[in-house]
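Read through the structure below, which is laid out as structure tokens, and then see the notes.
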Amino acid sequence: MAEKHLVHSFTEAAGRVGAAVVPCTTLQDAVAYVARTAVGHTLIPQTALAAEFQLRSLLGGAGVDVCSVSFREAGQLPGAGVTFCNFAMADTGTVVLDSTSEDVRLATTIPEVHFVILDPAKILTDNLAAAAPMNTLYAGSEPRFVAYITGPSRTADIERVLTIGCHGPRELHILLVPDVSDDLMEI
Amino acid sequence: MAATADFKKSVEDALGKPKLSEALHLFGDAYLIARENAFRGLDFDQLRTELAAIKDDVRERRKELLAQFIANAEAAGSKVFVAKDTREANEYVVHLAKQKNAGLIAKSKSMVSEEAHLNKALEAAGIRAAETDLGEWIVQLAGQRPSHLVMPAIHMFKEEVAELFSKEIGEPLEADIRTLVDAARKQLRKDYFDADIGLTGANFLVADTGGIGLVTNEGNARLCATLPKVHVVFAGIHKLVRSMEDAIKITRLLPRNATGQLLTSYVTWIRGAVPTPGNDKEQHIVLIDGGREALYESPVCRDALRCIQCGACANVCPVYQTVGGHVFGSIYISAIGIILTAFYEGLDRAKEITRACIGCRSCTAVCPANIDLEEIILHLRQQVTKEYGMGLVKNITFKAVMRNRALFHNMVKAASKLQKPVTQQKEGQPATRVIRHLPMHFMDKDLTQWRDLPAVAPRSFRDLFAGIDQKVDNPRYRVGFFVGCGADFVYPEAGISLVKVLNHLGVEVVFPNSQNCCGIPALYAGDTETGVELAKQNVKAFYEADVDYVLCVCPTCTMGVKRDFVERLVDDPVWSQRAISLSEKTMDAVAFLENVLKASDLLKATSAARITYHDSCHLKRGNDVWKEPRALLRATGYQLEEMKNSDRCCGFGGTYSFLSHPQISRQIAGDKVESIKVTGVKTVAMDCPGCMIMVGGSMGKADPTVRCAHTMELLAEAIVEKPQGQTPGEKQF
Ligand code: SF4
Ligand code: SF4
């Protein structure tokens with residue numbers, strides 16, 4: 001069970017950096033939220049959790065324009081990407097995604113909006129607590145690509161004015177869905 | 001000498017464009033607030049001590065860790081190339097590009113590629129390099145180089161950016177930041193898709209995983225690493241860390257100290273050639289020495305390689321804020337830039353910026369890697385002096401005059417007579433002597449245009465002390481007084497006040513007459529020999545005096561006695577022992593009063609005057625003393641109103657403000673004057689005769705009704721019996 005205070009500080013920290021944190025009761029709620037919010041071509045990588053919960057057909061059924069071709073053919077600025085995540089960090093409001101599969105990388109970098117489904121049971125206290133699962137992810141010698149994502153893409157390069165949405169997604173929606181998975185190695 | 005003239009000109013040009021300096025000031029102020037918020041609840045000193053320890057261990061084990069990193073990276077399919085210099089590194093990339101038939105390389109930010117002038121090398125081979133970091137792209141389009149480590153285009157304004165983008169994109173764009181960012185988003189997106197190679201830097205090379213870490217905000221590094229088939233990592237060898245834990249610890253400090261963020265939008269960890277649908281991904285890691293090994297081998301300067309490139313040492317530097325990074329830097333800018341320029345580009349390229357540092361230690365205080373930047377710069381300045389000389393005026397002053405105490409003191413006396421015709425009474429302040437205009441032959445005439453210079457006092461402290469009758473029965477302590485030149489010859493009242501306050505608290509003062517200048521002005525100008533000679537004279541004087549403590553009213557002298565005497569005499573077993581024991585008992589007068597005597601419990605609140613306090617660089621950041629004067633002043637009843645940025649340098653820096661860079665000093669002093677004016681208070685307390693010269697002099701021109709006083713003077717006034725109805729702080733008006 002997720003500790004309440006972790007969910008609370010995660011929500012606050014993510015909110016402070018411009019992410020929308022949306023508590024959902026069930027995965028269906030989350031699907032409905034994405035269907036209401038997503039615009040355009042939507043990239044949904046077929047990760048273990050996506051397959052287990054049949055995320056593509058759920059979203060497709062709810063009217064989302066699910067991308068069915070190779071993500072590289074989905075255009076240079078597709079509408080949305082929907083993913084699960086491995087775990088999160090409460091102190092900074094960060095979600096962590098094993099993005100070794102190219103589809104996860106593309107779905108989280110090129111779309112205008114990124115939706116990420118997080119089971120509150122996966123929220124760790126802080127980035128020091130993330131060292132252990134990170135080491136597990138990097139055990140062995142397989143190639144690996146892990147992304148910490150904290151809020152939407154931002155820049156302050158023109159006159160030091162904070163501007164959201166430079167090269168990465170302009171919006172980050174974090175959907176808190178209980179009972180999805182508490183396995184930090186699973187995405 | 002041509003370089004000097006060029007540098008002077010670039011300083012003047014920068015000073016002629018106040019818009020940039022204004023922007024950098026606003027940024028500097030906002031930065032401090034954001035940083036403070038970001039570190040709330042964390043112990044910065046503990047974190048930076050830990051980071052320094054990590055980096056030092058990496059330095060010692062670098063060969064082994066580099067081998068470990070390479071083995072792990074190769075096991076994950078990376079190709080690793082170690083380049084001994086930037087030329088080799090460039091050649092590797094050019095060769096690879098040719099092999100791949102690459103016409104376009106999409107680049108995310110890599111400072112070492114700036115250092116290598118990689119874009120030029122690619123261009124020469126007919127390969128286009130597209131910078132995708134927004135700031136880097138702006139700078140690239142403008143044909144310039146970055147002026148800040150973290151914000152490359154901090155010197156540009158949106159109108160200039162709009163002009164550049166409109167030209168590049170071929171449609172007119174409004175000077176609106178949102179519009180400009182969107183235009184860049186669209187334009188650069190094509191480049192990621194079209195590029196054959198994506199090139200990134202690396203914030204970390206993690207030895208035990210063989211992976212790299214990238215700390216970014218915009219998301220361009222992830223696109224560069226993902227979309228093109230080939231990913232090239234271009235990084236300096238000093239980015240090595242031992243483990244994931246090390247890297248994670250650094251991510252706790254880096255964004256907080258760089259931009260006041262708890263974490264950047266993206267931290268990306270990549271190991272090996274990650275899978276793609278065709279499984280044709282390649283990752284090449286180019287590790288560059290380029291002078292780093294030599295820097296690791298320099299015992300005095302090697303700490304500089306602990307740098308994590310947060311850019312903070314620029315954010316807080318008064319010289320950077322005044323002239324910007326294009327003047328105060330080369331490839332790397334500000335404090336760290338001075339050091340890296342000396343090692344990567346040569347001492348010759350670094351000599352002007354080395355002299356342009358004012359020595360305020362703000363960089364040292366803010367550095368998350370605990371690098372004593374100011375001390376390393378000081379050392380480099382000595383090297384510069386050895387190789388390029390010191391300039392005539394300083395040379396005669398230090399070598400011929402300062403070393404000979406009797407001659408020096410006689411000259412000062414003579415000066416006090418010579419200056420007579422040019423001193424005049426300061427309006428409304430009968431007690432203060434100022435020089436309004438200096439004799440033409442003495443120094444440049446523009447020196448007194450913007451500030452009054454203090455005159456040499458008619459009688460020095462050493463003369464006045466002889467006439468003081470100390471009435472202390474059974475003294476609690478006998479303390480030696482190291483007066484320092486400023487308090488001896490310009491502000492003897494600071495020393496006289498100290499004697500009063502100490503006697504009042506039952507302490508007897510001893511003044512060894514054979515003491516001389518602390519030698520810091522000579523040392524700061526790079527004259528080590530004179531520094532050693534002066535250290536000996538002083539250690540001898542106080543060794544013979546045999547006192548319980550030695551006090552200074554000038555924090556620069558305190559640093560000289562505590563730190564530099566020991567270092568200067570380290571090779572001589574007898575003298576170094578004496579220097580160490582002198583160092584141990586030396587402290588600032590305010591620190592002695594508060595920490596040894598607990599004077600704020602003993603003094604009575606007799607004054608009610610409103611004052612503000614200026615923290616001297618060397619008192620706060622050199623000696624870690626800043627609570628003490630406040631406690632003492634409050635205890636005696638003064639109403640303390642803090643000014644904005646009370647610990648920002650006043651622009652003095654010793655000979656800096658007179659000989660090296662008076663124009664830069666002038667700007668920095670102007671900021672201090674503004675902060676003081678805003679408080680509306682008529683008395684400014686401080687604990688450094690150098691600051692009194694600068695703040696007093698600049699205030700004298702800006703608003704002569706504001707009094708600048710040494711804390712000792714205000715304390716002495718508060719303990720003296722006063723006639724009814726007069727508060728000591730205001731009695732001079
Ligand atoms: S000591 Fe002061 S002037 Fe010199 S580089 Fe550091 S911050 Fe800048
Ligand atoms: S020297 Fe220190 S303050 Fe300057 S950029 Fe490096 S880490 Fe940051």
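The values are calculated or read from the model by the stated rules, or taken from the named source; none is laboratory data. The structure presented is a predicted model; accordingly, all values stated were derived computationally and were not measured. Don't worry about glycine lacking a Cβ; one is built from the backbone with ideal geometry, like all the others, and counts go over all protein chains shown. Heavy atoms of the whole protein, side chains included, go into the accessibility calculation; ligands, DNA and RNA do not. Shrake-Rupley method; radii C 1.70, N 1.55, O 1.52, S 1.80 Å.
Remarks
- Residues being over 19 Å from B:H238 (Cβ atoms), in a helix (DSSP H, G or I) and within 9 Å of ligand 2 (Cβ to nearest atom) - total across the range B:315-343: 1
- The range A:106-164: number of residues that are touching a residue at least 60 places away in the same chain (Cβ under 8 Å), basic (K, R) and at the interface with chain B (Cβ under 7 Å from one of its Cβ atoms): 1
- Any helices (runs of 4 or more DSSP H) falling wholly within the range B:35-118 and containing at least 3 residues that are free of Cβ contacts under 8 Å to residues at least 40 places away in the same chain, in contact with a helix residue (DSSP H, G or I) (Cβ under 9 Å, 6 or more places away or on another chain) and surrounded by fewer than 21 Cβ atoms within 10 Å (Cβ to Cβ): B:86-99
- Lone qualifier among B:E282, B:E297 - being within 14 Å of chain A (Cβ to nearest Cβ), away from ligand 2 (no atom under 15 Å from the Cβ) and open to solvent by 20 Å² or more (accessible area, probe 1.4 Å): B:E282
- Of the residues making up the range B:195-222, those that are more than 10 Å from every other protein chain (Cβ to nearest Cβ) and open to solvent by 20 Å² or more (accessible area, probe 1.4 Å) are B:D196, B:N203.
- Residue match in the range B:261-277 (condition: in contact (Cβ under 8 Å) with a residue 24 or more places away in the chain, over 22 Å from A:A147 (Cβ atoms) and open to solvent by 10 Å² or more (accessible area, probe 1.4 Å)): no
- The set of residues from the range A:55-93 being over 18 Å from A:V180 (Cβ atoms), crowded, with 24+ Cβ neighbours inside 10 Å and without any contact (Cβ under 8 Å) to a residue 60 or more places away in the chain comprises A:V64, A:C67, A:A80.
- Given (1) under 35 Å from the mean Cα position of the chain (by Cα); (2) in a strand (DSSP E or B); (3) of a type outside the set (S, T, Y), index of the condition B:G198 fails: (1)
- Within the range B:623-639, restricting attention to residues that are open to solvent by 30 Å² or more (accessible area, probe 1.4 Å) and farther than 12 Å from B:M686 by Cα, the residue that is modelled with the lowest pLDDT is B:N623.
- Residue match in the range B:397-405 (condition: in a loop (DSSP other than H, G, I, E, B), open to solvent by 20 Å² or more (accessible area, probe 1.4 Å) and modelled with pLDDT under 70): yes
- Scope the range B:69-90; condition β-branched (V, I, T) and under 12 Å from B:G211 (Cα atoms); matching residues: B:I70, B:V80
- Test result for B:T354, away from ligand 2 (no atom under 14 Å from the Cβ) and of a type outside the set (F, W, Y): yes
- Among the residues listed as B:F489, B:F511, the single one being farther than 19 Å from B:T354 by Cβ, surrounded by 24 or more Cβ atoms within 10 Å (Cβ to Cβ) and over 27 Å from the mean Cα position of the chain (by Cα): B:F489
- Residue match in the range B:174-181 (condition: out of contact with any strand residue (DSSP E or B) (no Cβ under 8 Å at 6 or more places or on another chain) and either acidic (D, E) or within 25 Å of B:E91 (Cβ to Cβ) (or both)): yes
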